[in-house]
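Below is one structure, written out as structure tokens; the observations come after it.
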Amino acid sequence: MATYITLGNYTAQGVKAIKGSPERLDAARSGLESAYGVTIKEFYLTMGQYDIVTVIEAPDAKAAAKALLTLGGQGNISTVTMAALTEDEFREVVSALP
């Protein structure tokens with residue numbers, strides 16, 4: 001599984017409907033898992049440049065893109081996503097350096 005870090009911001013629509021956000025998170029967890037094999041591993045409400053930080057796992061980049069486009073298409077959040085290597089993957093990469 002590939003790991004991705006997603007930085008998100010609530011849209012005006014998302015802020016207006018903020019009370020329903022916990023239920024939408026629950027629905028996203030189950031829906032993205034069943035539809036795309038994407039798991040939301042961690043979710044954080046943050047203060048600063050971004051409102052939300054998530055750590056997701058996906059079978060590949062296409063599955064992650066489908067999941068995030070599905071969420072963005074609902075109109076409540078916009079996201080910026082980065083592929084990430086776990087600590088174990090980092091150690092593997094570094095140990096293979098010449």
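The values are calculated or read from the model by the stated rules, or taken from the named source; none is laboratory data. In this text the structure is predicted, and so the values were computed from the model without any measurement. We place every Cβ from the backbone using ideal geometry, glycine too, and count neighbours over all the protein chains shown. Just the protein is used for accessible areas: all its heavy atoms, side chains included, with ligands, DNA and RNA removed. Shrake-Rupley method; radii C 1.70, N 1.55, O 1.52, S 1.80 Å.
Where a ≥ b ≥ c are the square roots of the eigenvalues of the C-alpha gyration tensor, would you call segment 39-85 rounded, which needs a/c under 1.5, or, failing that, prolate if a/b is larger than b/c, or oblate? Can you show the working numbers first?
Working: a/c = 2.00, a/b = 1.25, b/c = 1.59.
Judged from the Cα gyration tensor, segment 39-85 comes out oblate (a/c at least 1.5, b/c at or above a/b).
Sequence neighbours fewer than 8 away in the same chain don't count; with that in mind, list the aspartates and glutamates whose C-alpha is under 17 Å from LYS62.
Cross-link targets: GLU33.
Under a 5 Å amide H to amide H cut-off, with H placed in plane at 1.01 Å, what residues pair with VAL38 once short-range neighbours are removed?
Placed amide hydrogens put GLU33 under 5 Å from VAL38.
Near GLU42, within a Cβ-to-Cβ distance under 14 Å, what is the net charge of the other residues, with Lys and Arg +1 and Asp and Glu -1?
Working: positive: ARG29, LYS41; negative: GLU57.
Summing Lys/Arg as +1 and Asp/Glu as -1 gives +1.
Just tell me which lysines come within less than 19 Å, Cα to Cα, of LYS19; anything on the same chain fewer than 8 places away is out.
none
Simple spin-label model, 7 Å along Cα-to-Cβ: GLU42 to VAL80 in nm?
1.9 nm
For mean projected area of the Cα convex hull in nm², several values are listed as [x] 6.1; [y] 6.6; [z] 7.0; flag the one computed from this structure.
Computed from these coordinates, mean projected area of the Cα convex hull in nm² corresponds to label [z].
Just how much of LEU97 is accessible, in Å², when a 1.4 Å probe is used and the result is rounded to the nearest 10?
110 Å²
Rank LYS62, LYS19 by accessible area, highest first, at a 1.4 Å probe radius?
If we order LYS62, LYS19 from most to least accessible, we get LYS19, LYS62.
Each label point is 7 Å from the Cα along the Cα-to-Cβ direction; what then is the distance between the points at LEU97 and LEU7, in nm?
Calculated label separation equals 2.4 nm.
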